[in-house]
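First comes the structure, then the notes that go with it.
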């Protein structure tokens, strides 16, 4: 009888612990989903079937970008390089925010290079959820930028909106302490928001399996391929650059230089 009771209790305990599923909504209505279970996480764009998804292996500190349309897996390995600051970002705590997806939040005002960017709302309680806490403690951040080679990462950041970079810097500054719940731009438009969080969710382990029939590649190999494509498309790029502003043209030229040096 005691053995049977123990077995029932163990079974109940195991069934009581599952994964965590976080759903988000973007400014264009796109639905995102982050599924976390132990050392693994999967990030999907629900509305874009076939566009691919991201797998995170926290134990090995790797990202895998899975692209079904091309039957390809791109592997990112986490590095220890310190990020270069492309913008002068400022963060100001402005008190409590609204309840989002059932969790209390705090508000931060963001600015980049002296320009107001908007408001970001974060939650301490979500960061304390077991799966989320464990993943952040290992990775430091969900941002794939942390896994890219410095040359490629630097190039992408140069092309990015300064306010996006400021938001990334806030995320990194508060990593492990809070989880981003909502981002509102300077015009009051919602850019991204967490819509639901389900703890102890039943998660199929197959979600985290890498397709065996897909071709694996690395970021360096991908950059080499991009370099070849860029060289083949130089005529089109030069034609396109004629219509760009001097600032846009300078950014494009810098990007091409970075790709050339990063893919060697």
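Checked against (1) within 30 Å of residue 179 (Cβ to Cβ); (2) surrounded by fewer than 13 Cβ atoms within 10 Å (Cβ to Cβ), residue 215 passes all but a single condition, namely (1).
Among the residues making up the stretch 100-126, those that are closer than 12 Å to residue 177 by Cβ and either outside the structural domain of residue 160 (by TED's automatic domain parsing) or surrounded by fewer than 18 Cβ atoms within 10 Å (Cβ to Cβ) (or both) are 106, 124, 125. Any residue at all in the stretch 202-219 that's under 22 Å from residue 56 (Cβ atoms), at pLDDT below 80 and part of a strand (DSSP E or B)? No, the stretch 202-219 contains no residue that is under 22 Å from residue 56 (Cβ atoms), at pLDDT below 80 and part of a strand (DSSP E or B). The stretch 64-162 holds strands (runs of 3 or more DSSP E) entirely within its bounds, and those carrying 2 or more residues that are modelled with pLDDT under 95 and over 23 Å from residue 32 (Cα atoms) map to 89-100, 103-112, 115-123.
The values are calculated or read from the model by the stated rules, or taken from the named source; none is laboratory data. Predicted model, so just to flag it, every value in this text is computed and none were measured. Neighbour counts run over all protein chains shown; Cβ positions are idealised from the backbone, glycine included.
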